[in-house]
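Each value in this text was obtained by applying a stated rule to the coordinates, not by laboratory testing. Computed from a predicted model, the values in this text were never measured in an experiment. Please note: Cβ atoms are built from the backbone with ideal geometry, for glycine as well, and neighbour counts cover all protein chains shown.
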Amino acid sequence: MTDQTITSVSREKRVFGPSAEFQRQANLGSMAAYKRLYRESVNSPEKFWDRQAKDLLVWRKPYTDVLKWKAPHAKWFGGGTLNVAENCIDRHLGTERENKAALIFEGEPGDVRTITYRQLYFEVSRLANVFTDLGVGKGDRVAIYMPMVPEAVFAMLACARVGAIHTVVFGGFSAESLKDRIIDCGAKLVITADGGWRRGKVFPLKPTVDEAVAKAKCVEHVLVHQRCGNEVPMRAKRDIWWHEATAEVANTHKAKAFTSEHPLFILYTSGSTGKPKGVLHTSAGYLLGSKLSSKYVFDLKENDRYFCTADIGWITGHSYVVYGLLSNGATVFMYEGAPNQPGPDRFWDMIDRHGVTIFYTAPTAIRAFMKWGDEHVKKHSLKSLRLLGSVGEPINPEAWMWYHKNIGKKKCPIVDTWWQTETGSIMITPLPGVTECKPGSATFPFFGVQPKVVDDLGHEVPLGSAGKLIIAQPWPSMLRTLWGDDKRFKETYFSDFPGIYFTGDGARRDEDGYFWIVGRIDDVLNISGHRLGTAEVESALVAHPKVAEAAAVGRPDDLKGQSLVVFVTVKSGIEVSDELKAELRNHVGKEIGAIAKPDEVRFAAALPKTRSGKIMRRILKQIAAGQLVKGDTTTLEDFSVVAALQAED
Ligand code: 6R9
């Protein structure tokens, strides 16, 4: 993996350090402090994690071992017991946080609810009592298929409280995907709502659940939260209204303790092939990872109002809406609907009205805001914001700069956080009071994380060269297995480099040691023996003033191995033409080098994306190669985008 590499993204030389003002108040305020703690965390991990686990978690019974590692299986905090929900709720009661807002919710129609920690305790307790009445307890699986409403959070925490294992399925998934997930984990209970609000309309959820459950014999009950009041069929005995069931039970609940490695949740995520993988996370290690990272990466303070735009159907919603934030006693702002309802300034309007201080979103959203135009941002002051975050894909320097100037008003640090469903918590990230950021780089590892960029034999490559990103040591919030498929777990993550976690991502470190994520390994192209990251080409394209979004894929080529095809959407009002194609080819050539000049530029009205906003390059690859689109398309947000691209062929 040390052959010639193109380094357009890491040619980015601008550096942005934290302001003295931010640094002064930061939870960690100097590079020296970071280095000292980091060194300890990787050189004496057991000592480091022992201290964190004692400081940050409430234990019912102290653990006896910090780590038992028999690759690829980790056991953290053996011998100890705790309750995750108690760590997110009860521990704040009887303190000044008791009447602090845990959640501030705004529905798409504009309805606002504030739920204090005390109220959260009552809500979750009621639900936990309902679970017990329904015979749902330790180790049972519960599928949650909900809109982004507080009840979704209550449902997760109630599972944790009784020791049930939740699997949250994003509300945009089809009945087929929901059914597959329910069956794969054998869920006994499904929790849903009549519907949710999206783009001014009710999208019904219950009918989808009915369709899924009809084919899933394991389900005994469906608990339905009434959100929109739309008509829904209720099946006698099986279906139960949330408000009716919770009205009949006590609003207090004594939580039992569970062992550190008791499973907390399963979250399905797509692999490069085959059916989705059920990533399993367990209790203590996951909670500790999400809590510690929230505290330092988001520099949490008692008065913060934190807004993460991710749906709880994704890992970001699990770790950085629910567990990491509530365990820290933070106030989480949550929003139900679309970012452009009623207008493209909905987020900015809410940030001003609710005094949001920390904002965490995805590059795909940032590029959408850029495309919609700066005027929508300018209508609002955004003066409460003090910290910004990015997650989900490499953020191209253009989007970073836009975010920095227009949303952060050049004063908010940006944390570009690299991590995965499998890692459970943030792995490579700037620390906001510490790190000098380079736009597009996730910078340095978080505590306890030892990432390395290696060649196919597992040897570290020289700085400047690209390779495979591995994590050399176990960390507390790592996945423990794939539900029901330990063999696939070993094969997927621990077989390229036996006993060492392989992320599936490509990366490089620059001469200053900064990590630059190139993208998934399968998205790395090899053109005439030159390695080229799709992210680099895309980053160059979106830097062009006429381009809104771009996706680069490889097409098999007899001569070059692969040729480069790019799909481009242009900004509104821009005419597409052959001239523009030539202009874009030359532009990429100029930005990266002649080797990166696309062989073909294709304009598209929209790009195929997953529901979490990731461009589905696998599909574009098939279209570029003139093949019929095959394989799993259930995660696609809008199939008509694919149909339109194919029709052009
Ligand atoms: C949290 C999340 C994981 C994959 C990961 C990588 C990409 C996520 C990134 C990033 C560059 C970042 N990714 N964050 N790439 N910079 N800051 O997104 O989890 O949905 O499992 O996706 O997303 O390719 O391997 P998940």
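How much length is gained on full extension from SER572 to ARG353, taking 0.36 nm per residue of separation minus their Cα-Cα distance?
75.9 nm
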- Message: For ILE144, what residues show an amide H to amide H distance below 5 Å, using hydrogens built from the backbone and excluding near sequence neighbours?
- Response: THR167, VAL168, VAL169, ILE191
- Message: Calculate the FRET efficiency for LYS61 and GLU98 from the Cβ-Cβ distance with a Förster distance of 22 Å, rounded to the nearest 0.05.
- Response: 0.30
- Item | Proximal aspartates and glutamates relative to LYS47, as straight alpha-carbon distance under 15 Å, when same-chain residues fewer than 8 apart are discounted | ASP55, ASP65
- Residue-wise HN-Hα coupling along segment 442-455, computed from phi with Karplus coefficients 6.51, -1.76, 1.60 (Hz; x: Gly, Pro): 7, 6, 10, x, 6, 4, x, 9, 10, x, 9, 9, 10, 8
- Note on the structure: quick note, the chain, DSSP beta bridge pairs, % antiparallel (nearest 5) is 60
- Item | Residue among HIS92, HIS404, CYS218 farthest towards the positive dipole end of the chain, charges placed on Cβ | HIS92
- Task: Would you calculate a helix-derived [θ] at 222 nm for the chain, using -39,500 (n - 2.57) for each DSSP H run of n ≥ 4 and dividing by the full residue count, to the nearest 500?
- Result: -8000 deg cm²/dmol
- Item | Vicinal HN-Hα couplings computed from phi for segment 111-117 (Karplus, 6.51 cos²θ - 1.76 cosθ + 1.60; Hz; Gly/Pro x) | 5, 10, 9, 10, 10, 7, 4
- Once amide H atoms are built 1.01 Å from N in the peptide plane, which residues 5 or more positions from LYS609, or in another chain, come under 5 Å H to H? MET616, GLU637, ASP638
- Task: Taking a cut-off of 16 Å between Cα atoms, list the lysines near LYS301, but don't count ones fewer than 8 places away on the same chain.
- Result: LYS100, LYS291
- Item | Spin-label pair LYS546/LYS630, simplified geometry with 7 Å Cα→Cβ offset, distance in nm | 3.7
- Query: In terms of Cα to Cα distance under 20 Å, which lysines are near enough to LYS378, apart from those fewer than 8 places away along the same chain?
  - Reply: LYS405, LYS409, LYS410, LYS411, LYS571
- Task: Step through the residues of segment 227-242 one at a time and calculate ³J(HN,Hα) from phi using the Karplus curve (6.51 cos²θ - 1.76 cosθ + 1.60, θ = phi - 60°), rounding each to whole Hz and writing x for Gly and Pro.
- Result: 9, 10, x, 6, 5, 9, x, 10, 8, 3, 6, 7, 9, 9, 6, 3
- Message: Please arrange TRP197, TRP241 by how many other C-beta atoms lie within 10 Å of their C-beta, fewest to most.
- Response: TRP241, TRP197
- Ranked LYS452, LYS438, criterion: other C-beta atoms within 10 Å, fewest first: LYS452, LYS438
- If you count the DSSP beta bridges with both ends in segment 499-633, what percent of them are antiparallel, to the nearest 5? 85
- Relative exposure of HIS73, HIS281, HIS354, HIS459, judged by other C-beta atoms within 10 Å (fewest first): HIS459, HIS73, HIS354, HIS281
- Difference of contour (0.36 nm per residue) and Cα-Cα distance, GLU302 to ARG235: 19.6 nm
- What residues qualify as long-range amide H neighbours of VAL279, i.e. H under 5 Å apart, gap of 5 or more or another chain, H built at 1.01 Å from N? LEU267, TYR268, THR269, TRP483
